[in-house]
Amino acid sequence: MKLKVKVKSPYLVAPHSRVRLAKVSASDSGPYKTEPEANAELHRHLEKLATLQELLTAENKHAVFVVLQGMDTAGKDGSIRHIFTGVNPQACSVTSFKVPTPLERQHDFLWRAHNAVPRSGTIGIFNRSHYEDVLATRVHKNITDKVAHQRFRQIVDFEESLAENNVTVLKFFLHISKDEQSRRLEARLADASKHWKISEADFVERRLWKDYQAAYEDAINNTSRKHAPWFLIPSNHKWYRNVAISHILVEAMKNLNMQYPVPTFDPAKIQL
C-alpha cells in the first residue's frame, strides 16, 4: 500500500532529508506583506475548514491527526485557538501531553498516544505529543541516544499503521528564534494576567536551547515520512504561523476526496 499525504508546501520536510534549524528562517511570511492580508486569507481557510470538517464527519471514513510541537512560547495554544475556532467541537479533540502519570509509565511510551488518536470522522490535535518521549527525555538524559533511535523507528511504524487505517497524520514544528522567545517571555513577565502561563522551569529549559534544537533536528530527520510528514512552520509572526498551518490542513483534507454518503432513503418521497 502506497501511503502519502498529498500537500505541496515549501515547509514540507522531505523524507530522509537533513534539517538544520539554524538555517531555516523563523521570520518568513510567505506571500503576505501585512497581518491584515494574512488574516483575510486565514478567514477563507477557516470557512473551508468548517465545510471540510462537516464532510469528514458525514463520510466517517477518515480521521485527521494534527501534531503541534515547538519550544516554549512557539504558539501551540495560539494555533489551536485561531485555526480551530470555527470547527464543530463535537468532532474535534485536543490532547495535551505532560509528565507521564504512574499508570502511563507502566506501559510502553506510545500507549497514551494511541489511546488519544482521533476516531473516524473527527480531527484530533496533540498539543505536544508522543514526541516528548524523544525530546525532553533525551535532553535531560533520561534515555540514551540508542533508545531514542529505537523510539524513532517505533514512531514511524506507529504512524504508518495509523495511515494504513485512514488517519491523516500532519506534524507541525512551530519554528521560532531564540530572540523571539525572549520577547515573548518578557511580554508575559510584564503582564500579570499572563503569569499563569509561565514557570521557573521555562527559564531552566531555555538554557538548554541548543540541546533542544539538536533533539528536534534528529527527531524530525528520522520521522518525516510520506505517510506522516513534518512541516517546519515559520512562527516568529503569529499571524503567518496561523495561515501557513491552516493552508496545509485545508489542502490535506481536500485531497482526501471525501464524499457525502448516499441517503438510505429517497428524500423526494418524504412528505411533511
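At-a-glance table
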read-out	value
Scan of the range 8-32 for residues that are at positive phi and either in contact with a Phe, Trp or Tyr (Cβ under 9 Å, 6 or more places away or on another chain) or of a type in the set (Val, Ile, Thr) (or both), ordered by number	Gly30
Boolean, Val169 is modelled with pLDDT of 95 or more, under 28 Å from His62 (Cβ atoms), aliphatic (A, V, I, L, M) and assigned to a helix (DSSP H, G or I)	no
Qualifying residue in the range 98-121 (condition: among the β-branched types (Val, Ile, Thr), closer than 30 Å to Glu186 by Cβ and surrounded by fewer than 20 Cβ atoms within 10 Å (Cβ to Cβ))	yes
Hey, Leu68 touching a Lys or Arg at 6+ places or on another chain (Cβ under 6 Å) and either loosely packed, with under 14 Cβ neighbours inside 10 Å or modelled with pLDDT of 95 or more (or both) or not	yes
Hits in the range 129-148 - residues which are surrounded by 13 or more Cβ atoms within 10 Å (Cβ to Cβ) and part of a helix (DSSP H, G or I)	His130, Tyr131, Glu132, Asp133, Val134, Ala136, Thr137, Arg138, Val139, Val147, Ala148
Filter pass, Val87 being in contact with a Leu (Cβ under 7 Å, 6 or more places away or on another chain), without any contact (Cβ under 8 Å) to a residue 40 or more places away in the chain and either under 23 Å from Ile248 (Cβ atoms) or of a type in the set (Gly, Ala, Ser) (or both)	yes
Residue match in the range 236-244 (condition: part of a helix (DSSP H, G or I) and under 25 Å from Val156 (Cα atoms))	yes
Which listed residue is touching a helix residue (DSSP H, G or I) at 6+ places or on another chain (Cβ under 9 Å) and either farther than 23 Å from Tyr216 by Cβ or assigned to a helix (DSSP H, G or I) (or both), from Phe126, Phe152	Phe152
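The values are calculated or read from the model by the stated rules, or taken from the named source; none is laboratory data. All figures in this text were calculated on a predicted structure; none of them were measured in a lab. Don't worry about glycine lacking a Cβ; one is built from the backbone with ideal geometry, like all the others, and counts go over all protein chains shown.
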